[in-house]
């Protein structure tokens, strides 16, 4: 038997093991858990201006997931808008996009949390950290 004949079933077995079907229940999957408007990179946003950054909320399950609400707590200066009005039903394996805005009122560090409430079976309440650095304009 050639080494090629032995390797082919092994490769097929490895490829088959890594593939799995998505779960039936709705699953919230975020593309990240932190939205940073410059604090970690030493950058910032000028006071009196605004910056935006998007978050991708995916339903990783087959059944529909309802995103009921998003609330922000912590320092003021952060707001959000969604690509669809809430509550919104995210079909299986589809996405909802949230745009966070940061508009600092003073030159300082800001931090807050955005809490996403949904019908996801893996995390009905999911928190995203928000941070930003207000910088005095030149």
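Within segment 51-82, the only residue that satisfies the criterion of being exposed (fewer than 13 other Cβ atoms within 10 Å of the Cβ) and either in a loop (DSSP other than H, G, I, E, B) or touching a helix residue (DSSP H, G or I) at 6+ places or on another chain (Cβ under 8 Å) (or both) is 76.
With respect to the conditions (1) in contact (Cβ under 8 Å) with a residue 60 or more places away in the chain; (2) within 30 Å of residue 22 (Cα to Cα); (3) touching a strand residue (DSSP E or B) at 6+ places or on another chain (Cβ under 8 Å); (4) surrounded by fewer than 19 Cβ atoms within 10 Å (Cβ to Cβ), residue 121 lacks only one, and its number is (3). Do we find that residue 113 is out of contact with any helix residue (DSSP H, G or I) (no Cβ under 6 Å at 6 or more places or on another chain), in a strand (DSSP E or B) and modelled with pLDDT of 95 or more in this structure? Spelling it out, residue 113 is indeed out of contact with any helix residue (DSSP H, G or I) (no Cβ under 6 Å at 6 or more places or on another chain), in a strand (DSSP E or B) and modelled with pLDDT of 95 or more.
Restricting attention to segment 95-111, the residues being surrounded by fewer than 20 Cβ atoms within 10 Å (Cβ to Cβ) and under 16 Å from the mean Cα position of the chain (by Cα) number 4. Of the residues in segment 17-39, at least one is part of a helix (DSSP H, G or I) and either modelled with pLDDT under 95 or within 22 Å of residue 126 (Cβ to Cβ) (or both).
Just the residues that are farther than 21 Å from residue 25 by Cα and under 14 Å from the mean Cα position of the chain (by Cα), please, taken from segment 112-138. Within segment 112-138, 113, 114, 128, 129, 130 meet the criteria.
The values are calculated or read from the model by the stated rules, or taken from the named source; none is laboratory data. Being a predicted model, the structure only gives us computed values, none of them experimental. Methodologically, a virtual Cβ is constructed for each residue, glycine included, from the backbone with ideal geometry; neighbour enumeration extends over all protein chains shown.
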